[in-house]
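Okay, so here's the structure we're looking at.
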Amino acid sequence: MANKKFNWGVLGPGRIAQQFGDALLAIDDAALYAVASSNLERAKAFAQQYHGEKTYDSYEALVNDPQVDAVYIARPHRFHFDNARLCLTAGKPVLCEKPLTVNAVETKQLIDLARAKNVFLMEALWTRHLPIYLQIREWLDEGVIGDVKLLVSTFGINVPKGETDRWLNPELAGGTLLDMGVYPIAVSQWVMGREPHSFSAQAYLGKTGVDELTAVNLKYDNGVISQFSSNFISDNANEFLIYGAQGRIHIHANFWAASRATLMTGDREVTVSKPLRRNGFEYEIEEAMRCIRAGLLESPAMPHAHTLANMELMDKIRTQIGLKYPFEK
Ligand SMILES: NC(=O)c1ccc[n+]([C@@H]2O[C@H](COP(=O)([O-])OP(=O)(O)OC[C@H]3O[C@@H](n4cnc5c(N)ncnc54)[C@H](OP(=O)(O)O)[C@@H]3O)[C@@H](O)[C@H]2O)c1
């Protein structure tokens, strides 16, 4: 029997919500149902573009609409906690943009609330669900590159420099670690299947006080090191390399949105392509719907424990680089 159409609600129809709306158009049994914005005209324009039925100028009203099956939160990091808490309290499943919250204390509270309310919660770390990563997992599981020894990645984009925009704005929990660094951290965690036992980090804090360039070495108990940097000030290679004792895997740029990977062992080189069906967001949306329909509270592909461990690590990195947000003091 065909599934009933899954009704999505969107909070904060800004830049990234466009990707979400576009990806929904590629999923047969899902649709944009409702959108809420502090600016009703913005909600209306978004609903028109992606065929939404309802618009609200209040997040509460959307969350309390019984026709909404799940909510996608697309506001800047600072607001994720309050928005997700609002949804979970009302019993609405949540797919929330990365990073799930600003710090681990907030993440822990949301996870506890989701469990207490028996409601699904997932950080929208879309990279985890891209088809090319299934191929990479196969190569890793088959051990074709031997034991993994070193991971090297960059996530650097020269972003617009408006000081009130979310990237540089400390009041919106700006900075490159939470925005971009979360990807190399999450991919390292996925490759290694464990958490690092130590790390060293350095950063350049710009004039608004947030990190515009952060470089980190994560060290694992088996001697593996994951070396990554994230920055807002230069366009980087944005690849992810996994070096093993007998070869390497190259996840092509942009690794967080990858559709191609190359395996190199001895003189053999194989490149595999897994083109995205739409823009890549469709896979995380489908995973969230699959879990919600199955009555799961979390996704095995991006479980609560992974999100929490990553937030704890980013808290510690922020302590080391001296970055505390004004609203945390
Ligand atoms: N997965 C990805 O590839 C990806 C890429 C980029 C960003 N993101 C994540 O998506 C989230 C949103 O990023 P974005 O660039 O889309 O944000 P954005 O366009 O700046 O803002 C999105 C919405 O958030 C609200 N908002 C923005 N600034 C605000 C402020 N100063 N005060 C109160 N509300 C504000 C607005 O909601 P209203 O319309 O209700 O006013 C706006 O429509 C971030 O957490 C980011 O990490 C993910």
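We did not get these values from a lab; they are worked out from the coordinates using the rules stated. The shown structure was predicted, so the numbers you read here are calculated from the model rather than taken from an experiment. Here the Cβ is made from the backbone with ideal geometry for all residues, glycine too, and neighbour counts use every protein chain on show.
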Residues with amide H under 5 Å from that of residue 120, placed H, sequence gap 5 or more: 94
0 to 90° range, to nearest 10: angle between helix 304-321 axis and the chain longest Cα axis: 70 degrees
Burial ordering of 141, 211, fewest other beta-carbon atoms within 10 Å first: 141, 211
Residues whose placed amide H lies under 5 Å from that of residue 299, excluding near-sequence neighbours: 304
Folded to 0 to 90 degrees: helix 281-293 orientation relative to the chain principal axis, Cα: 60 degrees
Burial ordering of 327, 79, 228, fewest other beta-carbon atoms within 10 Å first: 327, 79, 228
Karplus (6.51, -1.76, 1.60) ³J(HN,Hα), θ = phi - 60°, over the range 55-63, in Hz, Gly and Pro reported as x: 10, 9, 9, 9, 5, 4, 5, 5, 5
Gyration tensor (alpha-carbon) shape descriptor, the range 212-329, a/c threshold 1.5: oblate
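Placing +1 at every Lys and Arg Cβ and -1 at every Asp and Glu Cβ, with all other atoms neutral, what dipole size does the chain have around its Cα centre, in debye to the nearest 20?
160 debye
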Cα centroid separation - the range 188-202 against the range 237-305, whole Å: 18 Å
Qualifying aspartates and glutamates (Cα of each under 13 Å from Cα of residue 54; at least 8 residues distant if same chain): 41, 65
Relative contact order %, the chain, counting alpha carbon pairs below 8 Å whose residues are six or more apart: 18 percent
DSSP bridge orientation in the chain - percent antiparallel, rounded to nearest 5: 55 percent
Angle in degrees between helix 40-50 and the longest Cα principal axis of the chain, rounded to the nearest 10: 70 degrees
Rounded, prolate or oblate (a/c below 1.5 giving rounded, otherwise prolate when a/b exceeds b/c) for the range 6-127 by Cα gyration tensor: prolate
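Fewest to most neighbouring Cβ within 10 Å: what's the order for 164, 127?
Arranged by neighbour count, lowest to highest, 164, 127 become 164, 127.
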Cα gyration tensor shape for the range 131-275, rounded if a/c is under 1.5, else prolate or oblate: prolate
Options 173, 250, 197, ranked by Cα towards positive dipole end of the range 131-275, top entry (Cβ charges): 250
